[in-house]
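Only one structure is covered here, and it is reproduced in the block below.
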Amino acid sequence: MQTNALTCDRCGRPARYRFAAATETAPALRCWLHGLVYGPVVRRAVQVAAVVGTILFVINQLDVVLSGKVTPVVLLRIALTYLVPFLVATYSALAVNALHTPKALPSHVPPTTPGATT
């Protein structure tokens, strides 16, 4: 019996993401776990986090660091300043490349008449 289910190129689990042609013949298919660690997604997310996180750090935390008043809470805020853009970039990349299953249409759709109410 042959199925048309798409599977992850790495582990064989059901694919949830399709990334642009990894090779000239076929796109890269990944499950949720391998989609999270897919090289191009991680590299882009790190780049975005470095740029956006640094801008936010300068705006929000630089004065505290330069004044020497760094506390564990400030360190946590700095970490979150870089983590949030990383997570947003990763989520965005996965959302754009998600495989969408077509929704089944009902077997019978009642005809609608303009202006009719039910």
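Some notes on this structure:
- Lone unmet requirement of (1) under 25 Å from Cys8 (Cβ atoms); (2) among the β-branched types (Val, Ile, Thr); (3) surrounded by 12 or more Cβ atoms within 10 Å (Cβ to Cβ) for Thr81: (1)
- Segment 23-60 - residue that is assigned to a loop (DSSP other than H, G, I, E, B) and either in contact with a His (Cβ under 9 Å, 6 or more places away or on another chain) or free of Cβ contacts under 8 Å to residues at least 12 places away in the same chain (or both) and, of those, nearest to Ala95 (Cα to Cα): Val37
- Residue within segment 35-44 that is in contact with a helix residue (DSSP H, G or I) (Cβ under 7 Å, 6 or more places away or on another chain), modelled with pLDDT of 95 or more and farther than 28 Å from Ala5 by Cα present: yes
- The number of residues in segment 16-34 that are aromatic (Phe, Trp, Tyr) and touching a helix residue (DSSP H, G or I) at 6+ places or on another chain (Cβ under 8 Å) comes to 2.
The values are calculated or read from the model by the stated rules, or taken from the named source; none is laboratory data. Bear in mind the structure is a predicted one, so any value in this text is a computation, not a measurement. So basically every Cβ, Gly included, is an ideal-geometry build from the backbone, and we count neighbours across all protein chains shown.
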